[in-house]
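K.L.:
Could you have a look at this structure, given as structure tokens, before my questions?
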Amino acid sequence: MEEEKMPDPSTMVEPTKFDLIIVGTGLPQSIIAAAASTVGKTVLHLDPNPFYGLHFSSLSPPDLSSFLTSQEDDANVIDDAISPTHGVENDVDYGVVSLSSHNLYSNVDISSHNFSPSSRFWLDVSGPRVLFSADSCIDLFLKSGVHHYLDFKPVDLCLIYDSHSHQFFTVPDSRNAIFKDHSLSLTDKLCLNKFFKLVQLHLSGDGDSGNVISPEDLESPFVLFLEKNKLPLKTKWFILYAIALADYDQEDLQASKHLLSTKDGIDRMAMYHSSIGRFPNAPGAMLYPMYGQGELPQAFCRRAAVKGSIYVLRMPVTTLLADKGSGLYRGVRLASGQDLFSQKLLIDPQYLVPQALASSRPDVLRGSCQNSCPRDMKKVARGICISTTSLKPDASNLLIVIPPR
Amino acid sequence: MATIGHNNLNAKLVFVDSTSKISALIAFIVIIMVLLGDMGAGKSSVVLRFVKGQFLEFQESTIGAAFFSQTLAVNDATVKFEIWDTAGQERYHSLAPMYYRGAAAAIIVYDITSTESFSRAKKWVQELQKQGNPNMVMALAGNKSDLEERRSVLADEARTYAEENGLFFMETSAKTAQNVNEIFYEIAKKLPRAQMPQNTAGMVLVNQQGDAARASSCCS
């Protein structure tokens, strides 16, 4: 240990050897922390921030602004004091490799806001907004027991924006709702009903009725299949964007790699359908964690802590320690200067493991090796708008879908 | 019934007197309570004294239990406390806000022989005021009152601080049991009797197959 950097005694972590060290409390890392500690592994879970969840957290508006802007700068080297030479340096006992992170956010623009001081709310940084009641992650909450720590709210209503008429339409969530919907013509309703029957028949099929939808149709884009079934424009939209939750413009047939196949589209409709009424107190298909998505990693971390994981927030890892001879991973050096050791290391994808260590033994650091080459980076434009009142006065939780076109 | 995570208020017992008039309606309240404070201030000792009537001189740091529960009868209500354990997350000042967000009551514990634990207690009060439920009933407990000869936090100083911040204050000793039941009893009396408005209460997912069997032993 470096003599000149004696750690603050209050943040000396005890013990110093673990089965697994995890850096970052994002949702995937938190689930792994809970799983590993449940099977009896010793886990140390670290996060450089003063809050849980990393990119899966829910923050107050001022905290969100400062988090996004702090993450915005170019290749953020975590500890400037340590020279960011991307190679293995030799310490007294170990080869040390400094750990850096790459920025996930760019062009952050925060317009001036005027919140009343009484408003206490949190905004999700990223991560999924809503969860389908029948989703396998809900099964995981129930199986792992983290549902004891979580409060949910049902999504009361889903609205879809129609850019032609500049209006919001309610997404009907059942056949009954379709027939009550005054904005649909009778022909539309019949068409839609026929389509739902077809899908239901297909899904209930075991073997012999497997031909309800032909294999060619199942491989074709979902949008074409909807058109083939003569679904009216508006209906097509809400199936694509509000039920199947397609991310990309499905009507742009040129961008074929983003097109949802009929098979996937129908699976998503099935997910939507089986979500409705799964929980007696949630009438719709979707749930939302009451205090934001940030509760999810916290719940898994709490589970892990109950099973013995040690948690240290506000603790960046500056350096990875490697065995001098073999170059194998041995441990991490904390910002406090303390060295800690583990069999395995799991780090958030925002960190870059310098090639020197990663390539020395790719079998050891295979996961991290992928982190070091973020080649196929894509940018997603995101916006958060805060309205002073609910768009529908009678619904407190609603999902608004704005189709790409 | 698994009612974890709810601030439930159910009319449970209706007492019918000789003239068959309903003379009393006793409320049954289940609340989540949290204990906050420095490592070694005695959070677990206070809980164990209250829940089990025990005291261990060398209480180990707690691992393995999600919560304890204990029921108290006050004048007009039966209050079941579900006391959530910090599971060691406070050890490196890394307690998740979810731990206290749904709590209806909190005891902030410090050690009267440690001024540092008192400053930490004040930080917890700030944190709760910022992040916690605004209607939370908060108590400040100066624990280890049996160690009078080593006292370094004056009772008056703590009382003044508590009054200024809307907490009530007691000095406790988990070792001698002094004021331990009293502080929980005071909290039970101060809890709001009205049900939380519907829109502030969330739903807890119920595992239809699994929970029914586990409901009777809900510590996990």
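K.L.:
Run the numbers for A:I276 and A:H102: contour at 0.36 nm per residue of separation, minus the present Cα-Cα distance, in nm.
P.N.:
Values: separation 174, 0.36 × 174 = 62.64 nm, distance 4.01 nm.
58.6 nm is the gain from fully extending A:I276 to A:H102.
K.L.:
With the calculation restricted to Cα positions, what are the radius of gyration and Dmax of the stretch A:168-268 in angstrom?
P.N.:
In Å, with Rg to one decimal and Dmax whole: 13.6, 41.
K.L.:
By how many nm would the segment from A:S261 to A:E216 lengthen if fully extended, with 0.36 nm per residue of separation less the alpha-carbon distance? Please report the intermediate quantities before stating the final value.
P.N.:
Numbers: separation 45, 0.36 × 45 = 16.20 nm, distance 1.04 nm.
Using 0.36 nm per residue and subtracting the Cα-Cα distance, I get 15.2 nm.
K.L.:
Ordered by residue, what ³J(HN,Hα) values in Hz, to whole numbers, does the stretch A:20-35 give under the Karplus form 6.51 cos²θ - 1.76 cosθ + 1.60, where θ = phi - 60° and Gly and Pro are x?
P.N.:
9, 10, 10, 10, x, 9, x, 4, x, 5, 5, 5, 5, 4, 5, 5
K.L.:
What lysines sit close enough to A:K378 to cross-link, taking a C-alpha to C-alpha distance under 24 Å and skipping anything fewer than 8 places away on the same chain?
P.N.:
Leaving aside lysines fewer than 8 places away in the same chain, those within reach of A:K378 are A:K257.
K.L.:
Under the rule of at least 5 residues apart or a separate chain, name every residue whose amide H is placed under 5 Å from the amide H of A:L352.
P.N.:
Close amide H contacts, sequence-distant or interchain: A:S100, A:S101, A:H102.
K.L.:
Considering amide H positions built from the backbone, and no H for Pro or chain starts, which residues 5 or more places from B:F67, or on another chain, come under 5 Å of its amide H?
P.N.:
So B:F67 has HN proximity to B:D85, B:S220.
K.L.:
For A:F18, which sequence-distant residues (separation of 5 or more, or a different chain) have an amide H within less than 5 Å of its own amide H, given hydrogens modelled in the peptide plane?
P.N.:
A:F341, A:S342, A:Q343
K.L.:
Please rank B:L147, A:L334, fewest neighbouring Cβ atoms within 10 Å first, as an exposure proxy. Before the final figure, lay out each step's value.
P.N.:
Numbers: B:L147 14, A:L334 23.
Going from sparsest to densest Cβ surroundings: B:L147, A:L334.
K.L.:
Treat the count of other C-beta atoms within 10 Å as a stand-in for reagent exposure and order B:R159, B:R120, A:R382 from fewest to most. Write out the running numbers ahead of the final one.
P.N.:
On the way: B:R159 17, B:R120 22, A:R382 9.
With the sparsest Cβ surroundings first, the list reads A:R382, B:R159, B:R120.
K.L.:
So how much slack lies between A:T187 and A:H164, counting 0.36 nm per residue of separation and subtracting their Cα-Cα distance, in nm? Before the final figure, lay out each step's value.
P.N.:
Details: separation 23, 0.36 × 23 = 8.28 nm, distance 2.05 nm.
Extending this stretch completely gives an extra 6.2 nm.
K.L.:
If r is the Cβ-Cβ distance from A:E227 to A:S65 and R0 is 51 Å, what FRET efficiency results, to the nearest 0.05?
P.N.:
Details: r = 44 Å, r/R0 = 0.86.
So, using R0 = 51 Å, E works out to roughly 0.70.
K.L.:
Rg and Dmax in Å for the stretch A:281-337, alpha carbons only: what are they?
P.N.:
Looking at the stretch A:281-337, its Cα Rg and Dmax stand at 18.7, 61 Å.
K.L.:
To continue, here is another question. Which lysines, if any, have their Cα less than 23 Å from the Cα of B:K189, not counting same-chain residues under 8 positions apart?
P.N.:
In chain and number order, the partners are B:K12, B:K43, B:K52, B:K80.
K.L.:
Could you pull the Rg and Dmax for the stretch B:88-134, using just the Cα atoms, both in Å?
P.N.:
11.0, 31
The numbers here are math on the coordinates, done by the rules we state, and not lab data. What you see is a predicted model, and the numbers here were worked out from it, not measured in a lab. Don't worry about glycine lacking a Cβ; one is built from the backbone with ideal geometry, like all the others, and counts go over all protein chains shown.
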